[in-house]
Amino acid sequence: MAQDDLKRAAAEAALKYVEDNTWLGVGTGSTVDFFIEALAEKRKAFIKGAVSSSERTTKLLKKVGIEVEELNNAGDLSVYIDGADEVTEHGAMIKGGGGALTREKIVAAAARKFVCIADGSKLKPVLGDFPVPIEVIPMARSFVARAIVRLGGYPEWRSGFTTDNGNVILDVHGWTLLNPVEMEAKLNQIPGIVTVGIFAQRGADVILLGEKNGVRTLTPGTF
Ligand code: 5RP
């Protein structure tokens, strides 16, 4: 089965977590694109609309006729649905491969439930094969990079890429995240870092994995 079919299967399985008559938080990425397609086809009439995590997602939501609301106006959300670059069975994730990590983390934090949708290859025993994206204020780039080296990481500037918030991304190689909650907290203390692409303090409550025999559901619950 092609990877896109596995992503689509996980995305479609997330429809049952969409709560009627509420604002839905929507993430960013190719798996979420499949989710938006399915939502537009099957459930858009039942929700108030969506709070988006990126310009890319906003554009697609509007294209398929789903109302997009500002988080400031929507208040707390019932559910947030998003993909991941890596996820553990405990619900810790690496996110930000698409560079949308800051708004993703904010919208996720505003939601009661985080549903992670991914193809089965994203499930890992330990996070760290995928480089950890870190969004940084541009003038702090070198300062933050040196701090990361002191923490044993190898930062690589995602050259030519600017986030929706006007910042830059450092992709950090070389970390094996045995304690992702602790590393997320440590990185959050470094001035100049806007958002760390480790989503462990607030991880996924439900993980839907597209696999060749169907969609597997893991329910780590909240941290
Ligand atoms: C974007 C993200 C995405 O959720 C992550 O990169 C997974 O993307 P895809 O669904 O395309 O595999 O964090 O910032």
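A compact table of results
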{"read-out": "3J(HN,Hα) from dihedral phi, the range 85-94, Karplus parametrisation 6.51/-1.76/1.60, rounded to Hz, x for glycine, proline", "value": "7, 8, 8, 9, 5, 8, x, 6, 9, 9"}
{"read-out": "For Val68, distant residues with modelled amide H under 5 Å away", "value": "Ala50"}
{"read-out": "Accessible area (Å², 1.4 Å probe, nearest 10) - Ile106", "value": "90 Å²"}
{"read-out": "In the range 161-215, chymotrypsin sites (Phe, Trp or Tyr not before Pro) in a DSSP loop with at most 15 other beta-carbon atoms within 10 Å", "value": "Phe161"}
{"read-out": "Distance from the range 1-23 to the range 107-175 (C-alpha centre basis), Å", "value": "25 Å"}
{"read-out": "The chain: angle of helix 3-13 to the longest principal axis, Cα-based, in degrees nearest 10", "value": "60 degrees"}
{"read-out": "Top positive-direction residue, dipole computed over the chain with Cβ charges, set Ile117, Met1, Gln201", "value": "Gln201"}
{"read-out": "With all protein chains modelled, accessible area of His90 [1.4 Å, Å²]", "value": "120 Å²"}
{"read-out": "Low-density loop positions, trypsin sites (Lys or Arg not before Pro), the range 188-223 - DSSP coil, at most 16 other Cβ in 10 Å", "value": "Lys212"}
{"read-out": "Lys, Arg +1 and Asp, Glu -1 on Cβ, resulting dipole of the chain about Cα centre, debye, nearest 20", "value": "160 debye"}
{"read-out": "Projected label distance in nm at Met1 and Ala40, using a 7 Å step from Cα toward the beta-carbon", "value": "2.4 nm"}
{"read-out": "25 Å Cα-Cα threshold exceeded, pairs from Lys122/Lys212; Lys44/Lys212; Lys59/Lys212; Lys7/Lys186; Lys48/Lys95; Lys62/Lys122", "value": "Lys44/Lys212; Lys59/Lys212; Lys7/Lys186; Lys48/Lys95; Lys62/Lys122"}
{"read-out": "Exposure of Thr22 as accessible area (Å², to 10), given a probe of 1.4 Å and all protein chains", "value": "30 Å²"}
{"read-out": "Residues with amide H under 5 Å from that of Glu86, placed H, sequence gap 5 or more", "value": "Ile94"}
{"read-out": "Portion, in percent, of the accessible area of the chain that falls on carbon or sulfur, probe 1.4 Å", "value": "50 percent"}
{"read-out": "Calculated [θ] (222 nm, deg cm²/dmol) that DSSP helices of n ≥ 4 give over the chain, each run adding -39,500 (n - 2.57)", "value": "-8500 deg cm²/dmol"}
{"read-out": "Sequence-distant aspartates and glutamates (8 or more away, or on other chains) whose Cα lies within less than 14 Å of Lys16", "value": "Glu41"}
{"read-out": "Dmax and Rg, reported as Rg then Dmax, of the chain (C-alpha, Å)", "value": "16.7, 51"}
{"read-out": "Pair Ser142, Asp129: separation of 7 Å Cα→Cβ label points (nm)", "value": "3.6 nm"}
{"read-out": "Principal-axis tilt of helix 141-150 within the chain, Cα atoms, nearest 10 degrees", "value": "80 degrees"}
{"read-out": "Distance (nanometres) between label positions extended 7 Å along Cα→Cβ at Val149 and Ala109", "value": "3.0 nm"}
{"read-out": "Cα shape, the range 117-186, gyration tensor, a/c 1.5 rule", "value": "oblate"}
{"read-out": "Under 5 Å, built H, 5+ apart or other chain: amide partners of Asp119", "value": "Gly210"}
{"read-out": "Rounded accessible area per residue of the chain, 1.4 Å, Å²", "value": "46 Å²"}
{"read-out": "Karplus-derived 3J(HN,Hα), 6.51/-1.76/1.60, for each residue of the range 178-190, Hz, glycine and proline x", "value": "6, 10, x, 5, 5, 5, 4, 5, 4, 5, 4, 7, 7"}
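The values are calculated or read from the model by the stated rules, or taken from the named source; none is laboratory data. Source: prediction; values computed, not measured. Cβ: placed from backbone, ideal geometry, glycine included. Neighbour counts: every protein chain shown. Please note that ligands, DNA and RNA were not included when accessible areas were found on the heavy atoms of the full protein model with its side chains. Shrake-Rupley method; radii C 1.70, N 1.55, O 1.52, S 1.80 Å.
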